[in-house]
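Student: Can you read through this structure? Questions will come right after.
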Number of protein chains: 2
Amino acid sequence: MASKPAPDATRRSEKSRRAIYAAALSLVAEAGYPKTTVEGIAARAGVGKQTIYRWWSSKADVLLEAFLDLAEQTARPAGHDGDGHETAGIPDTGDLAADLKAVLRATVDELLDPRFDAPARALAAEGVVDERLGRVFVARLLEPQLQLYVARLRSARDAGQIRRDVDPRIALELFVSPLAQRWLQHTGPITYDYTDTLVDYALYGLAPR
Amino acid sequence: MASKPAPDATRRSEKSRRAIYAAALSLVAEAGYPKTTVEGIAARAGVGKQTIYRWWSSKADVLLEAFLDLAEQTARPAGHDGDGHETAGIPDTGDLAADLKAVLRATVDELLDPRFDAPARALAAEGVVDERLGRVFVARLLEPQLQLYVARLRSARDAGQIRRDVDPRIALELFVSPLAQRWLQHTGPITYDYTDTLVDYALYGLAPR
């Protein structure tokens, strides 16, 4: 047994880490962000408070990493390599509309996944009223995803499929933001047909060609 | 004095009503929706709880009407008739892009108005986690505004300025939702340039013509 201390410790740590992520996500989903505490997360995870503070500096930190981990566990956006590593980007098959539709369909799956829905809503709601926290979570969780669209749109622009004067960071909002608003504000159903339509409208415009 | 009881009573009622709206909006902005109570609104407005229950059935009801009133007080969307009555719709000058840009610029003004910002955020945040409440507020406050865009896009479709196969209720989301997401999630600056760009992208598409 003395020959394997490191793997055992790693397994124990990994188990604690998973328990802490699960506790943080379920607590924030049930109680909301303001009432979630490091003490509460520790109690639910069955670990000491100090175990959490050894790895993270605040509840915001724990939740941030719990969400990054959850995003790897739930619906993987197209482009993930399938074993949990960071995605290399949105696929580039040369067919921009098809590539965007595939990624948005994966996002639909994620938004409709109950493991994601309640904790993500609790965090998003807090970000609406707490600008500082909102900006941290957007910078760490949302903006890296949006930058994948920026890269894909730039490549399409280089290929002549997007007008040269289009700003990719604004352009992506034409299909990403409607989906986000429907999810955040319950303003309409979320389906593949809907996101496919958004891509077609955004690429080819509402005015006749 | 006995000859004017009704006007006096009306003035008193109107004064109480304004005080109650102001109290409800300031309380929800400071304390958030869950901690706002009819008792707290009554205390801040300097009226009895029964005065509120005579006119409204719940805090959600009071807030709903306070927001409808606020929308009339703050930046009026183009199309308002200027003396507080319901708007007749988005102007139709024949230039769809110009009309949409004008209305979105008015929305930018409203979103950046501090009287609107804090209470609207408190309500929007609650709607993210409380689907029932969110749907009520969307149905009463947001969807009637969106239907003005539907009407304007239908008229543009009839004039041949929008493709016949475009669904106006989805199409409006290409320029309305990006602005909403930037406001809700602090994902980017809110300016006239930005909303003008959204309209151009949405109407003429990202792909070369």
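The values are calculated or read from the model by the stated rules, or taken from the named source; none is laboratory data. Because the structure is a prediction, the values reported are computed rather than measured. Here Cβ is always computed from backbone atoms with ideal geometry, including for glycine, and neighbour counts include all displayed protein chains. Please note that ligands, DNA and RNA were not included when accessible areas were found on the heavy atoms of the full protein model with its side chains. Shrake-Rupley method; radii C 1.70, N 1.55, O 1.52, S 1.80 Å.
Student: Is it true that some residue in region A:105-114 is more than 9 Å from chain B (Cβ to nearest Cβ), free of Cβ contacts under 8 Å to residues at least 40 places away in the same chain and among the aliphatic types (A, V, I, L, M)? Please lay out each step first, then the result.
Tutor: Taking region A:105-114 first, the residues more than 9 Å from chain B (Cβ to nearest Cβ) are A:105-114.
If we keep only those that are free of Cβ contacts under 8 Å to residues at least 40 places away in the same chain too, we end up with A:106, A:109-110, A:113-114.
Among the residues that remain, those that are also among the aliphatic types (A, V, I, L, M) are: A:106.
Yes, region A:105-114 contains at least one residue that is more than 9 Å from chain B (Cβ to nearest Cβ), free of Cβ contacts under 8 Å to residues at least 40 places away in the same chain and among the aliphatic types (A, V, I, L, M).
Student: Another one. For A:V136, are the conditions met, namely being in the same structural domain as A:P189 (by TED's automatic domain parsing), open to solvent by less than 30 Å² (accessible area, probe 1.4 Å) and β-branched (V, I, T)?
Tutor: Details: in the same structural domain as A:P189 (by TED's automatic domain parsing): yes; open to solvent by less than 30 Å² (accessible area, probe 1.4 Å): no; β-branched (V, I, T): yes.
Here the answer is no, as A:V136 does not meet what is asked.
Student: Restricting the search to region A:169-193, which residues are more than 7 Å from chain B (Cβ to nearest Cβ) and of a type outside the set (D, E, K, R)?
Tutor: Of all residues in region A:169-193, those more than 7 Å from chain B (Cβ to nearest Cβ) come to A:169, A:172, A:175-176, A:179, A:182-183, A:188-193.
Correct list: A:L172, A:F175, A:V176, A:L179, A:W183, A:G188, A:P189, A:I190, A:T191, A:Y192.
Student: Does region B:161-174 contain any residue that is within 24 Å of A:H186 (Cβ to Cβ) and touching a residue at least 60 places away in the same chain (Cβ under 8 Å)?
Tutor: At the first step, the residues of region B:161-174 found to be within 24 Å of A:H186 (Cβ to Cβ) are B:166-174.
Pick out the ones that are also touching a residue at least 60 places away in the same chain (Cβ under 8 Å) and you get none.
No, there is no match, as no residue in region B:161-174 is within 24 Å of A:H186 (Cβ to Cβ) and touching a residue at least 60 places away in the same chain (Cβ under 8 Å).
Student: Now a separate question. Does A:R164 satisfy the criteria of being farther than 25 Å from B:D130 by Cα, more than 8 Å from chain B (Cβ to nearest Cβ), over 16 Å from the mean Cα position of the chain (by Cα) and not small (G, A, S)? If you could, list the steps in order and put the result at the bottom.
Tutor: Details: farther than 25 Å from B:D130 by Cα: yes; more than 8 Å from chain B (Cβ to nearest Cβ): yes; over 16 Å from the mean Cα position of the chain (by Cα): yes; not small (G, A, S): yes.
Taking the combined requirement at face value, the residue satisfies it.
Student: I would also like to ask the following. Going by the conditions given, is A:F175 touching a helix residue (DSSP H, G or I) at 6+ places or on another chain (Cβ under 8 Å), modelled with pLDDT under 95, assigned by TED's automatic domain parsing to the domain that holds A:L198 and not charged (D, E, K, R)? Before the answer, list the steps.
Tutor: Working: touching a helix residue (DSSP H, G or I) at 6+ places or on another chain (Cβ under 8 Å): yes; modelled with pLDDT under 95: no; assigned by TED's automatic domain parsing to the domain that holds A:L198: yes; not charged (D, E, K, R): yes.
So A:F175 does not fit the description; no.
Student: Is it fair to say B:E39 is open to solvent by 40 Å² or more (accessible area, probe 1.4 Å), part of a helix (DSSP H, G or I) and within 14 Å of chain A (Cβ to nearest Cβ)? Steps first, answer last, please.
Tutor: Values: open to solvent by 40 Å² or more (accessible area, probe 1.4 Å): yes; part of a helix (DSSP H, G or I): yes; within 14 Å of chain A (Cβ to nearest Cβ): no.
No, not satisfied.
Student: Tell me, yes or no, whether region B:189-207 has at least one residue that is open to solvent by 10 Å² or more (accessible area, probe 1.4 Å), aliphatic (A, V, I, L, M), part of a helix (DSSP H, G or I) and at negative phi.
Tutor: Looking through region B:189-207, none of the residues is open to solvent by 10 Å² or more (accessible area, probe 1.4 Å), aliphatic (A, V, I, L, M), part of a helix (DSSP H, G or I) and at negative phi.
Student: While we're here: Please verify whether A:G127 is on the phi > 0 side of the Ramachandran plot and either at pLDDT below 95 or at the interface with chain B (Cβ under 7 Å from one of its Cβ atoms) (or both), treating the condition exactly as stated. Spell out the reasoning first.
Tutor: Values: on the phi > 0 side of the Ramachandran plot: no; either at pLDDT below 95 or at the interface with chain B (Cβ under 7 Å from one of its Cβ atoms) (or both): yes.
No.
Student: Is at least one residue of region B:150-159 within 22 Å of B:V108 (Cα to Cα) and within 8 Å of another protein chain (Cβ to nearest Cβ)?
Tutor: Taking region B:150-159 as the starting set, the residues that turn out to be within 22 Å of B:V108 (Cα to Cα) are B:150-153.
If we keep only those that are within 8 Å of another protein chain (Cβ to nearest Cβ) as well, we get B:153.
There is at least one residue in region B:150-159 that is within 22 Å of B:V108 (Cα to Cα) and within 8 Å of another protein chain (Cβ to nearest Cβ).
Each row is one residue, and each column tells you yes or no for (1) closer than 28 Å to B:G32 by Cα; (2) at pLDDT below 90; (3) outside any loop (DSSP other than H, G, I, E, B).
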{"site": "A:R12", "(1), (2), (3)": "no, yes, yes"}
{"site": "A:Y33", "(1), (2), (3)": "yes, no, no"}
{"site": "A:V47", "(1), (2), (3)": "no, no, no"}
{"site": "A:L100", "(1), (2), (3)": "no, no, yes"}
{"site": "A:R115", "(1), (2), (3)": "yes, yes, yes"}
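Student: Oh, and also: So which residues in region A:194-209 are within 22 Å of the chain's Cα centre (by Cα) and either under 21 Å from B:R135 (Cβ atoms) or more than 9 Å from chain B (Cβ to nearest Cβ) (or both), if there are any at all?
Tutor: A:Y194, A:T195, A:D196, A:V199, listed by residue number.
Student: Separate question: Restricting to region A:49-68, and then to whatever is free of Cβ contacts under 8 Å to residues at least 12 places away in the same chain and assigned to a helix (DSSP H, G or I), can you tell me which residue is least open to solvent (accessible area, probe 1.4 Å)?
Tutor: Here the answer is A:D61.
Student: Select from region A:139-165 the residues that are assigned to a helix (DSSP H, G or I), surrounded by fewer than 18 Cβ atoms within 10 Å (Cβ to Cβ) and of a type in the set (G, A, S) and list them in ascending order.
Tutor: Scanning region A:139-165 gives A:A139, A:A151.
Student: Sticking with this structure for a sec: Quickly run through region B:51-73 and pick out the residues that are farther than 24 Å from B:R135 by Cβ and among the β-branched types (V, I, T).
Tutor: Answer for region B:51-73, where residues must be farther than 24 Å from B:R135 by Cβ and among the β-branched types (V, I, T): just B:T51.
Student: Separate question: Only one of (1) surrounded by 18 or more Cβ atoms within 10 Å (Cβ to Cβ); (2) under 25 Å from A:E126 (Cα atoms) is not met by B:A171, so which one is it?
Tutor: Of (1) surrounded by 18 or more Cβ atoms within 10 Å (Cβ to Cβ); (2) under 25 Å from A:E126 (Cα atoms), only one is false for B:A171: (2).
Student: Output the number of residues of region A:140-161 satisfying the condition of being at pLDDT below 95 and of a type in the set (V, I, T).
Tutor: The number of residues fulfilling the criteria is 0.
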